[in-house]
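The next block holds one structure in the form of structure tokens; read it before the comments.
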Amino acid sequence: GSGSGSGVDGAADADAAPFLCSFPALESLNLYSTGLTHSQIMWLVGGCRSLQRLNIAATEADVWTLKAVQRACPLLQTLHIYETPLAKTGHVDRTAYPFEVVM
């Protein structure tokens, strides 16, 4: 189908950064070792509603990135965050997220 969606629910995503691109069917994204900041990660991830696997290891991801990813990607199953400032501090409550956090 070409999609008959009428209008966008702007209220739900009012706090999300504007995203650079939209890949609604993308299920896996590997940003390992790109060194991206929180804003850059969310520009990319914000348009990927179907993501199941996301690797943001060796980026500048922080705790706010985890929360933003959780909102942006309701189907996410696995998130890799090793070699990030977040993983180095070790202060991640992995039980707080509905997906597996790999550190």
For Q40 and S22, extending 7 Å from Cα along the Cα-Cβ vector and measuring point to point gives, in nm, a value of 2.5 nm
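How do L66, L36 rank by accessible surface area computed with a 1.4 Å probe, from largest to smallest?
The ordering from most to least exposed comes out as L36, L66.
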By the scheme Lys and Arg +1, Asp and Glu -1, what is the net charge of all other residues having a beta-carbon under 13 Å from that of Q40?
-2
In Å², nearest 10: area of S50 left accessible to a 1.4 Å probe:
30 Å²
Which net charge results for the neighbourhood of C73, defined as the other residues with beta-carbon distances under 12 angstrom from its beta-carbon, given Lys and Arg at +1 and Asp and Glu at -1?
+3
Net length gained if the chain between V102 and T89 were fully extended (0.36 nm per residue, minus Cα distance):
3.3 nm
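The values are calculated or read from the model by the stated rules, or taken from the named source; none is laboratory data. Note that the coordinates shown come from a computational prediction; the quantities given were computed from them, not determined experimentally. FYI the Cβ positions are ideal-geometry reconstructions off the backbone, even for glycines, and counts take in every protein chain you see. For accessibility, only protein heavy atoms count, side chains too; no ligands or nucleic acids. Shrake-Rupley method; radii C 1.70, N 1.55, O 1.52, S 1.80 Å.
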